[in-house]
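Here's the structure, in structure tokens; my notes come after.
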Amino acid sequence: MKSLYKISFICFFGAVLFSSSVNAQFLGGTRIKENESGPKGQILIYGSYDYSKTSTPSGSSSSIGTSPSVNASIPIGVGYFINNNDLIGVNYASAKDVVNGSTVYKQNEAGIWYSPSVMLGQYFGLIAQVDAHYVWGKQLDAPGPMENFNGFRLRAYPMLAVFMGSGWALKFKFAELSMLQTKTDEGWTKTTVAGMSGSTFGVGISKAIDFRKKSKL
């Protein structure tokens, strides 16, 4: 039953990506043709960084990493353009919560991703991305010691890209559909996120690098 649920969830992710691509084309988005000049064969490096701190008369707390708490924003990743519109790659995200100088939560996740895109004019693009991550970390089991956990995350989200030239781009994530399942000694915990809110918004930056040999004229 769990396997069937996971397969259904992955199929739904695929439908979200297809819908995003179709909707973008209705908005005037286009795919770069194979015979046109584009980023095919280039390497993409991208990521984000988040930090927040709250101080009160009774103490302080802070969060640091590529993702705030369990709702990952835009992780750090490396991708390869398999054609002018689609990328595949690997990425990594981390999160750490500290209260009064003591770590109460630490999460890591790493995995693979796939990302199709359409151009919205010359300077903008609509990007969809799917992540499949293995998750591991520690959390405070008050009043006991830190407790290990591990699990997985499946996630799909759209991003608006602003191309700034020389391979640089800003990426604005504005929605999310995800499922995070983690296991401790007590059993499994499942967290789902769907929709648009402050916790699903994220901003990252990317750089496309061209290692291809330039043809001599």
- Consider Ser55 carefully, then state whether it is among the small types (Gly, Ala, Ser), modelled with pLDDT of 80 or more, more than 23 Å from the chain's Cα centre (by Cα) and open to solvent by 50 Å² or more (accessible area, probe 1.4 Å). yes
- Query: Filter the stretch 106-131 for residues that are more than 15 Å from Ser94 (Cα to Cα) and polar (S, T, N, Q); which is nearest to the chain's Cα centre (by Cα)?
  - Reply: Gln129
- Kindly indicate whether Ile64 is touching a Phe, Trp or Tyr at 6+ places or on another chain (Cβ under 9 Å) and not in a strand (DSSP E or B). no
- Within the stretch 175-200, count every residue that is touching a Phe, Trp or Tyr at 6+ places or on another chain (Cβ under 7 Å) and exposed (fewer than 14 other Cβ atoms within 10 Å of the Cβ). 1
- What number of residues in the stretch 88-127 are of a type in the set (Val, Ile, Thr), out of contact with any helix residue (DSSP H, G or I) (no Cβ under 6 Å at 6 or more places or on another chain) and modelled with pLDDT of 90 or more? 4
- Message: Restricting to the stretch 138-173, give me the number of residues that are surrounded by fewer than 19 Cβ atoms within 10 Å (Cβ to Cβ) and either touching a helix residue (DSSP H, G or I) at 6+ places or on another chain (Cβ under 7 Å) or among the hydroxyl-bearing types (Ser, Thr, Tyr) (or both).
- Response: 1
- Message: Just to be sure I understand, how many residues within the stretch 197-217 are farther than 30 Å from Asn148 by Cβ, at pLDDT below 90 and part of a strand (DSSP E or B)?
- Response: 1
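Give the residue, chosen from Ser117, Ser61, that is among the polar types (S, T, N, Q), under 16 Å from Asp50 (Cβ atoms), open to solvent by 10 Å² or more (accessible area, probe 1.4 Å) and touching a strand residue (DSSP E or B) at 6+ places or on another chain (Cβ under 7 Å).
On the way: Ser117 fails: under 16 Å from Asp50 (Cβ atoms).
Residue meeting the stated conditions: Ser61.
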- Those residues of the stretch 176-196 which are under 24 Å from Asn108 (Cβ atoms) and assigned to a loop (DSSP other than H, G, I, E, B), in sequence order: Asp185, Glu186
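The values are calculated or read from the model by the stated rules, or taken from the named source; none is laboratory data. Just so we're clear, the structure is a prediction, and the values are computed from it rather than from any experiment. No Cβ is skipped: glycine too gets one built from the backbone with ideal geometry, and neighbour counts run over all protein chains shown. These area figures cover heavy atoms from the full protein model, side chains too; ligands, DNA and RNA do not enter into them. Shrake-Rupley method; radii C 1.70, N 1.55, O 1.52, S 1.80 Å.
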